[in-house]
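Only one structure is covered here, and it is reproduced in the block below.
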Amino acid sequence: MKKLLLSIIFGLFLLAPMVTFGHQPKQSLIYLRIYEKTGIEGRFEVNANELNSVFGLDLGLHPGIERVRPYQDKIQAYLLENAKFSSELGAYRIVFTGEMSKLNLSYGDFVNFHFRLENSENLPDSLTLDYDAFFDEDPSHMCLVAMEYNWKAGLINNEHIVALYLSEGEREGSFSIKETSLWKGFLAMVKQGIWHIWIGIDHILFLLALILPSVVRRRKKDGVTGEPINNGESGIWGWVPVKNFRPAFIYILKIVTFFTIAHTITLSLASLEIITLPSRVVESIIAFSVGLAAYHNIRPIFRGEDWVIAFVFGLFHGFGFASVLGDLGFKGEYLSLSLVGFNVGVEIGQIAIIAVIFPVLYFIRNNKFYSKLMVWLSVVLIIVSAYWLVERAFDVDLPLDEIINRNILYPMANFVGLK
């Protein structure tokens, strides 16, 4: 088993491609968010090295926000002077919100200055940017513009599709923001649902814990032969493989149905802001759900009623999915279509995961080692659950999640075109 796991992980690393769009040392980036009702928001992302060079500062490559704050007005005034947005409807005034954030990279942090375009509620067909910042000081500098969020254009949490490249020799450019349709936005939400079930390792492991017993049933067995016996006879309780496909499939169908109903209910309630729960509480309970479902495989808690775990904890997984929409920049635009699309994506992702795992489980169910394998996998899941529970409940920053996301999940998503 150890060799198998190592082989799988090694294979994933071989598949991981290089990300073609990213932050580079001599780049500034502008991310825009296009909202139908509230207009256009965005942020400038500037490398700390550029700030040091242009303003004669000594911030270092990894400055804390508080080190940059004394120079915030000066930097924003420079950006205002050197960045002009306009469209067929006229020029837009950049209004900084006062918010700053930071992206940490090994070769230098990017400091982010957040803004909105005044009077942009009436969205134009296209935007024009006239940008002169940093080019005079560094002719090799480049500015990249991306629409990070534009629901009807099908861009949700987009970081890799560049709308505009500007350089020292080409400081002005235009790009369309109105090549849009409801269908593009719906498909984008489906894609986000797929992506977030795939990167939601806690959701995947919860499903895994639930479906491990799908191909076996807990019965009395002869202590010597291991053959199932009548309940009235003396023997030991153990796992017996199902004889045919139908009961295993019905078990899977029941579990997935109750899990889907549960997370759909709470995803909708949270998105409508009818019920909200603290993220820390939700994430802690989700972590606990993995361990409880795994423990149920060792010592059944709800004998014959496995759907109870799927439904009860599925409610909390729904709150977890709802927090994702906020992270995507979602502000309630096209709420019904967004919820349906995201849910469809989650279901497609779940079905894909089960379609990979379930046939393997069904194929090996008759092997004597399966019951031991299920127990040992459940023990591993309990350990992982405890790790996450400590991390989330006590707000302890442990490195394992970031290592998995950075080196396995995000490269895989780029490979299959989800990010």
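The values are calculated or read from the model by the stated rules, or taken from the named source; none is laboratory data. All of these numbers come straight from a predicted model, not from anything done at the bench. Here the Cβ is made from the backbone with ideal geometry for all residues, glycine too, and neighbour counts use every protein chain on show.
Structural remarks
- Of the listed requirements (1) modelled with pLDDT of 95 or more; (2) among the aromatic types (Phe, Trp, Tyr); (3) more than 22 Å from Lys37 (Cα to Cα), Tyr107 misses just one: (1).
- Some residue of the range 176-185 being at pLDDT 85 or above, farther than 23 Å from Ser323 by Cα, touching a strand residue (DSSP E or B) at 6+ places or on another chain (Cβ under 9 Å) and not in a loop (DSSP other than H, G, I, E, B): yes
- Filtered residues of the range 91-117 (kept if assigned to a strand (DSSP E or B) and in contact with a helix residue (DSSP H, G or I) (Cβ under 7 Å, 6 or more places away or on another chain)): Ile94, Phe96, Met100, Lys102, Val111, Phe113
- Those residues of the range 167-222 which are touching a Lys or Arg at 6+ places or on another chain (Cβ under 6 Å), closer than 30 Å to Lys331 by Cα and among the β-branched types (Val, Ile, Thr), in sequence order: Thr180
- Candidate set: the range 220-253, residues that are surrounded by 15 or more Cβ atoms within 10 Å (Cβ to Cβ) and under 18 Å from Phe302 (Cβ atoms); chosen: the one modelled with the lowest pLDDT: Trp239
- Test: residue in the range 310-328 that is outside the structural domain of Ala153 (by TED's automatic domain parsing) and either touching a strand residue (DSSP E or B) at 6+ places or on another chain (Cβ under 6 Å) or charged (D, E, K, R) (or both): yes
- Of the residues Ser167, Ser140, the single one that is surrounded by fewer than 19 Cβ atoms within 10 Å (Cβ to Cβ) and at pLDDT 90 or above is Ser167.
- Unique match (being touching a residue at least 24 places away in the same chain (Cβ under 8 Å) and surrounded by fewer than 18 Cβ atoms within 10 Å (Cβ to Cβ)) among Glu45, Glu36, Glu41: Glu36
Residues checked against (1) within 25 Å of Val344 (Cα to Cα); (2) in a loop (DSSP other than H, G, I, E, B):
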| position | (1), (2) |
| --- | --- |
| Tyr251 | yes, no |
| Ile261 | yes, no |
| Ile274 | yes, yes |
| Ala294 | no, no |
| Val308 | yes, no |
| Gly314 | yes, no |
| His317 | yes, no |
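- No other residue among Ile285, Ile301, Ile354, Ile265 is surrounded by fewer than 18 Cβ atoms within 10 Å (Cβ to Cβ) and either assigned to a helix (DSSP H, G or I) or touching a strand residue (DSSP E or B) at 6+ places or on another chain (Cβ under 7 Å) (or both) apart from Ile265.
- Selection of first residues in the range 368-379 that are assigned to a helix (DSSP H, G or I) and of second residues that are among the small types (Gly, Ala, Ser), restricted to Cβ pairs under 7 Å at least 6 apart or on distinct chains, gives the following pairs, ordered by first then second residue: Ser371/Gly238; Ser378/Ala209; Ser378/Ala294.
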